Structure formats: structure tokens, C-alpha cells
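Each remark here refers to the structure printed beneath this line.
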Amino acid sequence: MTFDRRGILWDAINGRTPPSPAAELLGWTFRAVDPDAGPLEIGFSLDEKFINPVGSIQGGFVAAMLDDTLGPALVATLEPDQFAPTVSLHVQYLAPALPGEFIGYGRVVKKGREIAFLEGRLVDARGTTVATAGATSVIRTLR
């Protein structure tokens, strides 16, 4: 699936540029997006290198997967010269995230000219929601 759009996210989705090194580390793969409204799905794949001493994915990596879902949901709605760093991320851990495949679902709750509010969830291969998140991002223009 290709999209006739330009910008950081679209260039990665369309294969014009690779995903960021952080996204590659998390096994980031594009799954689906509504290019006008922003709901999107991102796949992730984490193995045993990401576990904590009790065998589940360390919480910081769960948060990173959610951040790398919510940010693109917003960026999908922006102009090619805009980006949107996260200024606040609140994660709720609901179940252990075990090594394997995950799907991040993200959406824009409200977008203004400079601030956007986002929400999402991270689901494991069994369909269990392992975490949810809300985020606030500030919309900036590249110079």
C-alpha cells in the first residue's frame, strides 16, 4: 500500500526512507492508516533482549512502542514540513507484555494549531491489551 504524500512518516511508509533506528530496534512495521483522520496501526516485534528479570518486556519498551504509535497517528495528519514531539506520555500497564508480536493502535483525540491530544493501546498476539496511553504533542514546523 502506497500513499501519494510526503513527509517523515509517509516517506518511511512508502519505502523512500527507512524507519528511524529506534523504530527498527522495536521491529516497527506499518499496518494501516486513515491518512485524513489519523487512526493507524503499527506492528512491533520484540524478543528476549527486551525482557526484565521476571521475563516480561521492560516497561520502558512498552512505553516506546506506544509513543511510536501515537506520534505517527498525529504526523499522518500534518503537513510535510511539520513534526510533533511528545511533551507528555501517560502509560497504564494492564498485563505483562511477553516477547513476541504486538499491534499498536493510535488515534488523534483532538488537534489544534499547536497542541494535539492522542490515545492508543498496545495489543499482544493473543489479543490482550497490555497497555494503554494518552499523550500530548506540540506541533512544530521544520525550518
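Ala23 - would you say it is part of a helix (DSSP H, G or I), at pLDDT 90 or above and in contact with a helix residue (DSSP H, G or I) (Cβ under 9 Å, 6 or more places away or on another chain)? Quick ask: steps written out before the conclusion?
Numbers: part of a helix (DSSP H, G or I): yes; at pLDDT 90 or above: yes; in contact with a helix residue (DSSP H, G or I) (Cβ under 9 Å, 6 or more places away or on another chain): yes.
Yes: the conditions hold for Ala23.
Only one entry in Ser88, Ser20, Ser56 is under 29 Å from Arg143 (Cα atoms), of a type in the set (S, T, N, Q) and surrounded by 13 or more Cβ atoms within 10 Å (Cβ to Cβ), namely Ser20.
Here Asp36, Asp81, Asp67 are screened, and the one residue that is of a type in the set (Asp, Glu), open to solvent by 20 Å² or more (accessible area, probe 1.4 Å), within 23 Å of Arg140 (Cβ to Cβ) and within 11 Å of the chain's Cα centre (by Cα) is Asp67.
May I ask you to list the residues in the stretch 97-128 that are open to solvent by 90 Å² or more (accessible area, probe 1.4 Å), closer than 27 Å to Lys49 by Cα and over 16 Å from the mean Cα position of the chain (by Cα)? Can you show your working first?
Of the residues in the stretch 97-128, the ones open to solvent by 90 Å² or more (accessible area, probe 1.4 Å) are 101, 107, 110-111, 113-114, 117, 121, 126.
From what is left, the residues that are closer than 27 Å to Lys49 by Cα are 101, 121, 126.
The one that is open to solvent by 90 Å² or more (accessible area, probe 1.4 Å), closer than 27 Å to Lys49 by Cα and over 16 Å from the mean Cα position of the chain (by Cα): Arg126.
Sub-7 Å Cβ pairs linking a first residue in the stretch 6-32 that is touching a residue at least 40 places away in the same chain (Cβ under 8 Å) and under 16 Å from Asp67 (Cβ atoms) to a second residue that is in a loop (DSSP other than H, G, I, E, B) and of a type outside the set (Lys, Arg), at least 6 apart or interchain, are Leu9/Ala76; Trp28/Pro19, ordered by first then second residue. Every test in (1) farther than 19 Å from Gly7 by Cβ; (2) touching a Gly at 6+ places or on another chain (Cβ under 8 Å) is passed by Leu94 save one, and that test is (2). Being surrounded by fewer than 21 Cβ atoms within 10 Å (Cβ to Cβ), among the small types (Gly, Ala, Ser) and touching a Leu at 6+ places or on another chain (Cβ under 9 Å) is a description that applies to Ser45.
Annotation note: Cβ proximity below 9 Å between a residue of the stretch 61-79 that is in contact (Cβ under 8 Å) with a residue 24 or more places away in the chain and of a type in the set (Gly, Ala, Ser) and a residue that is open to solvent by less than 30 Å² (accessible area, probe 1.4 Å) and assigned to a helix (DSSP H, G or I) (sequence gap 6+ or interchain) occurs for Gly71/Leu9; Ala76/Leu9; Ala76/Trp10; Ala76/Ile13.
The values are calculated or read from the model by the stated rules, or taken from the named source; none is laboratory data. Worth saying up front: this structure is predicted, and the values here are computed from it rather than measured. A quick note on method: Cβ atoms are made from the backbone with ideal geometry, for glycine too, and the neighbour counts reach across all protein chains shown. Keep in mind that these areas ignore ligands, DNA and RNA; they rest on the heavy atoms of the full protein, side chains included. Shrake-Rupley method; radii C 1.70, N 1.55, O 1.52, S 1.80 Å.
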